[in-house]
Amino acid sequence: MTTGIQAQDTARNSLTLSLGPALQHRQDLIFSPFIHESFGFPTIGLSWQKDKAGHTWVEFQGGGFTSGLEAPFTYYTDGDEQEAYPHTFTYIHAGVGRGAYLSSGPKGRSILGASFHGDIQALDNQYGLVSFFGYYASFGVGAWFKRQMYLGPKHRLTWQVELPLVSWVSRSPYLVNDDEFIENIYSHNGFKTFFAYLADGRLTSVHELQRLNAAIAYNYILSPRFDIGATWTLRYMHYSEPVALNLLEQYFHVSAAWKW
């Protein structure tokens, strides 16, 4: 590794906090045939990376979205005027990865590795007089590739692609509130209910669940200890069982990193 690269990579650990808006396009045929488009702010990301005998990363990303096909509408019940609430979607993404360096030189380095990912979605679908709670959760393993490019002594561009391969997926039943769903919530204990939902899931692979996580990040090196930057993250998902679920999310974050 050249002296120039060593000057940029003297820190082995970095902790990054990111914040910004997000856009979402969601179609879940369990609840509606419509494509719901929504804007979320703030969405928050937190990540840690370590470079020592390989490359390790841990990341967390969360946010909330509200959506409706029209502005909140008015409806009437028992002669009283009521205003409908919008749908609300809450997301938590988490992952951990470990990789090895494929190449390293004065212009950058390439890394290939394996990852474990988790994705939890809590869905509150409002229809005026009635509402339905929904959920989606997946936990699985995948492969990822990262390329770090050095654009000068203070500028770095990084892009990463992750493809989940095998996942355990749990999703709201097609009848929404079927007997098993009611049995799962009977305890009125959030912890027990969550794991009851997970137990109803199934192991699946790329023939039923197609996912793509991609990100491009720019970092400006302020000092050996601090960076600032901007990141665009894309998350795409299609799940076909029991009916189609399509999701596209885009995150636009500014970030600050502390290195040591």
All but one of (1) surrounded by 19 or more Cβ atoms within 10 Å (Cβ to Cβ); (2) modelled with pLDDT of 90 or more; (3) under 21 Å from residue 137 (Cα atoms) hold for residue 46, so report the exception by its number.
(1)
Among the residues of segment 23-44, write down those that are polar (S, T, N, Q) and either under 14 Å from the mean Cα position of the chain (by Cα) or in a strand (DSSP E or B) (or both).
24, 27, 38, 43
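Out of segment 124-145, which residues are in a strand (DSSP E or B), of a type in the set (A, V, I, L, M, F, W, C), out of contact with any helix residue (DSSP H, G or I) (no Cβ under 9 Å at 6 or more places or on another chain) and surrounded by fewer than 20 Cβ atoms within 10 Å (Cβ to Cβ)? If you could, list the steps in order and put the result at the bottom.
Initial filter on segment 124-145 (in a strand (DSSP E or B)): 124-127, 130-145.
Cutting the leftovers down to of a type in the set (A, V, I, L, M, F, W, C) gives us 130, 132-133, 137, 139, 141, 143-145.
Filter once more, keeping what is out of contact with any helix residue (DSSP H, G or I) (no Cβ under 9 Å at 6 or more places or on another chain): 130, 132, 141, 143-145.
If the condition is that a residue be in a strand (DSSP E or B), of a type in the set (A, V, I, L, M, F, W, C), out of contact with any helix residue (DSSP H, G or I) (no Cβ under 9 Å at 6 or more places or on another chain) and surrounded by fewer than 20 Cβ atoms within 10 Å (Cβ to Cβ), then 130, 132, 141, 143, 145 are the ones that fit.
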Subset of segment 218-239, residues within 14 Å of residue 258 (Cβ to Cβ) and surrounded by 16 or more Cβ atoms within 10 Å (Cβ to Cβ), comes to 219, 221, 227, 229
So which of 148, 121 ends up being closer than 23 Å to residue 257 by Cβ, modelled with pLDDT of 90 or more and polar (S, T, N, Q)?
148
Among the residues of segment 193-217, how many are out of contact with any Phe, Trp or Tyr (no Cβ under 9 Å at 6 or more places or on another chain) and closer than 30 Å to residue 256 by Cα?
0
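The values are calculated or read from the model by the stated rules, or taken from the named source; none is laboratory data. Keep in mind the model is a prediction, meaning the values are calculated, not measured. Positions of Cβ are backbone-derived with ideal geometry, glycine not excepted, and every protein chain shown enters the neighbour counts.
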